[in-house]
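K.L.:
The structure's right below; bear with me while I get my questions together.
The values are calculated or read from the model by the stated rules, or taken from the named source; none is laboratory data. Computed from a prediction, not measured in an experiment: that's the story for all the values here. FYI the Cβ positions are ideal-geometry reconstructions off the backbone, even for glycines, and counts take in every protein chain you see. Keep in mind that these areas ignore ligands, DNA and RNA; they rest on the heavy atoms of the full protein, side chains included. Shrake-Rupley method; radii C 1.70, N 1.55, O 1.52, S 1.80 Å.
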Amino acid sequence: MKEKRKEDREVIIKLEDVFKFYKMGDVTVKAVDGIDLSIKKGDFVAIMGPSGSGKSTSMNLVGSLDIPTHGHIFLDKENISELTESELSQIRGKKIGFIFQSFNLIPNLTVKENVMLPMMFQGIDIYEREAIAQELLEKVDLGDRADHYPNQISGGQMQRVAIARALANDPEVILADEPTGNLDTKTGIKVMEFLQKLNDEGKTIIMVTHEPELAEEYADIVYWLRDGKVEKITKRNHKFNVEKEERKLEHIKERKKKLHIEEEEKQLIQKHEHDKHKKLKSKKKVSR
Amino acid sequence: MIQDYFNLALKNLKHRGIRSWLTLLGIFIGVTAVVALISLGSGLKLAVSSQFGVSSTEVITIQASGVQYGPPGSGAVTPLTVDDVNAIEKLSNVKLAARRNIGTVKFEYKDILSFAYSASIADGKYRKFMYEEMDAEPLLGRLLKDDDVGKIFLGYNYYAQEKGWGEKKLIPGKKVLIQDKSFEVIGILEKKGSFILDNAVFMNEKDMKNLLGYGDNVDIIIAQPVEKNSVDKLKEDIEKLMRKRRGVKIGEENFIVSTPEASLKTVNSILGGVQAFIVIIASISIFIGAIGIINTMTTSVLERKKEIGIMKAIGAKNNQIFLQFFIESGLLGLIGGIVGATFGTLLGIVGISGINSFIGAELKPHIDFWLISFALLGSFSIGALAGIIPAMRAAKLNPVQALK
């Protein structure tokens, strides 16, 4: 798996000299003021910045929710800055999975129906939708909550449903906007672990956050924005690194200790060991 | 795939508050009115017709009436006489003119006293004509003949309905007391569905004259035209003759000449008025209902702005959002329609059974599958049409704005 994480990986998202201006009365707000960035398949990218730095607008542009005032945005080599709204919707639905700070599940639909919804918009038939949704819910450990309504589950569970929903159409890119913003540390970690797992499986993750700790801990590349411009880019070694994994584990441990939840800690360590084992196995397969 | 949108719309409707359902009242009232009106249909017509004594055969009836002016009670009714009957029969375009007397009589059976409406039957060729005019067929026993004395036949209700005389029904062979005189029942008429015929006591002219002592006075003259198409002309001729005989001017007639068409016209104009009124009410209700749906859908779009944003973010195209709100709005109308059609049909059934017990008929409500389908399709369409503008607003929402 990690073999893919080399410099020759394909570029999946590319912003070329992108500007986004808003008019508020007589004032033009330069929300994004000339950004260039390119994200490769399998990257875990964090977009950091204080509020008003343009990170939300950048996120909307990257997620094809919005089109730029100037410049080009390429998603999988396609110039999405020239598409109509419906074409954008189609692409979003297929290639991008969204995770929001406030979960944004549809309250009138059950957990499973929420996960099925993006597939419905892609015209997938109902039986397939149900099967995939169930599978995805099991993946986020919520297989037994399929028929619950969003108001019957906790915030952390809602965010995991949102992750399952984001995965519904097997997108290339997962866009997470402050995914742990509304969660406590413990549940936040669990959500981040799921995102990390998805990244390990090859998904490109783009996360907007204002928590530098979170960005540095999980992301391979961090774009620091200020006043609508990229202020700096920090990179981390992409190679699969046991030391790094150990460090991460230590970090989690420390946090757990703070929370005095020993039971949870044991489970997490066990799970991590198991995952590491699996990763090593799959790594062997790929290299063969 | 369209099915998915219906499912989604149903899900959303299920979670709607009472506010949304109240806006359906208009559609509900409109559909109820239309469906009830049509379900009652023929029953309503018959109910009105029977009150006017409309007959289906081509005959003209002549009755005396009070003067048309002056204070109430000042104009005594000058009765028709046998001479009038003969004069009318002498008209060249009259085939037959028969006399009929009617009266209210004391009717006693098994020591239970009631009052009944009695009608006379004339002799000879007139008898056959009168039986034809009434379309009289015996259900039990037989009808009267010329030489029957002290005998009667009865309308269907004497046989079918317990008129308070216990389990024993009145059947041919039983004796009853009329004005304290004994009469033998020889027949029961088939059910006519008319309040008058089903409750009447029929006896020969001679018997009735002896019983009530009206001499040569006649209550109703029934005239049969020579040619069926000449009814209107004959009506004019009879009116002219009667004005001359009774010495009155045009416009001051103290008699009424009626043709089945004229009566039918009256019935139809009354029914038409009632129907037009109901249709107007229904249209207004449906119009208000449509506005209600526009209102509730617009509110819904505003309330669910974020939801629309989410759906767009996860890949819903504008037309898919439009379709969802459009169908939801149509279903809202359809639900109003379903409740209305059910209620309207029930109202029709209750109405018809009411008419049945009132006029003693055995009518069935007119439950028209096509009408109901049309009403349901119509209410869906009205709902959907009302939803177009709100649905377009929903579809056009900018996802970034909607998600804020």
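K.L.:
Touching a residue at least 60 places away in the same chain (Cβ under 8 Å), under 27 Å from the mean Cα position of the chain (by Cα) and more than 13 Å from B:L154 (Cα to Cα): is that true of B:S230 in this structure?
P.N.:
When the stated conditions are applied, B:S230 does not pass them.
K.L.:
Just one of B:L234, B:L302 is assigned by TED's automatic domain parsing to the domain that holds B:A391 and out of contact with any Cys (no Cβ under 6 Å at 6 or more places or on another chain); which is it?
P.N.:
From the options B:L234, B:L302, the qualifying one is B:L302.
K.L.:
Output the number of the condition that A:L136 fails; it satisfies all remaining conditions of (1) buried (at least 18 other Cβ atoms within 10 Å of the Cβ); (2) without any contact (Cβ under 8 Å) to a residue 24 or more places away in the chain.
P.N.:
Every listed condition holds for A:L136 apart from (2).
K.L.:
Oh, and also: Name, by its number, the condition in (1) part of a helix (DSSP H, G or I); (2) free of Cβ contacts under 8 Å to residues at least 24 places away in the same chain; (3) within 14 Å of chain A (Cβ to nearest Cβ) that does not hold for B:E328.
P.N.:
(2)
K.L.:
Now, a different point. Would you confirm whether or not region B:293-305 contains a residue that is at pLDDT 90 or above, open to solvent by 70 Å² or more (accessible area, probe 1.4 Å) and either in contact with a Pro (Cβ under 7 Å, 6 or more places away or on another chain) or within 14 Å of another protein chain (Cβ to nearest Cβ) (or both)?
P.N.:
Within region B:293-305 (the criterion being at pLDDT 90 or above, open to solvent by 70 Å² or more (accessible area, probe 1.4 Å) and either in contact with a Pro (Cβ under 7 Å, 6 or more places away or on another chain) or within 14 Å of another protein chain (Cβ to nearest Cβ) (or both)), the answer is yes, since at least one residue qualifies.
K.L.:
Sort out which residues of region B:384-404 are open to solvent by 60 Å² or more (accessible area, probe 1.4 Å) and hydrophobic (A, V, I, L, M, F, W, C), and write them in order of number.
P.N.:
B:L385, B:I389, B:M392
K.L.:
I'd like the full set of residues that are of a type in the set (D, E, K, R), within 9 Å of another protein chain (Cβ to nearest Cβ) and surrounded by fewer than 21 Cβ atoms within 10 Å (Cβ to Cβ), limited to region A:80-117.
P.N.:
A:E85, A:E87, A:K94
K.L.:
Test B:L113 against the stated conditions and say whether it is touching a residue at least 40 places away in the same chain (Cβ under 8 Å) and either over 32 Å from the mean Cα position of the chain (by Cα) or over 24 Å from B:E227 (Cα atoms) (or both).
P.N.:
It is false that B:L113 is touching a residue at least 40 places away in the same chain (Cβ under 8 Å) and either over 32 Å from the mean Cα position of the chain (by Cα) or over 24 Å from B:E227 (Cα atoms) (or both).
K.L.:
Output the residue which, of all residues in region A:118-144 that are in a helix (DSSP H, G or I) and of a type in the set (V, I, T), is farthest from the other protein chains (Cβ to nearest Cβ).
P.N.:
Filtering region A:118-144 for residues that are in a helix (DSSP H, G or I) and of a type in the set (V, I, T), the one farthest from the other protein chains (Cβ to nearest Cβ) comes out as A:I132.
K.L.:
Next up: Please find, among B:I310, B:I278, the residue that is away from every other protein chain (no Cβ under 11 Å) and assigned to a helix (DSSP H, G or I).
P.N.:
The unique qualifying residue is B:I278.
K.L.:
Next up: Looking at region B:107-152, which of its residues are of a type outside the set (G, A, S) and assigned to a helix (DSSP H, G or I)?
P.N.:
B:K125, B:Y126, B:R127, B:K128, B:F129, B:M130, B:Y131, B:E132, B:E133, B:M134, listed by residue number.
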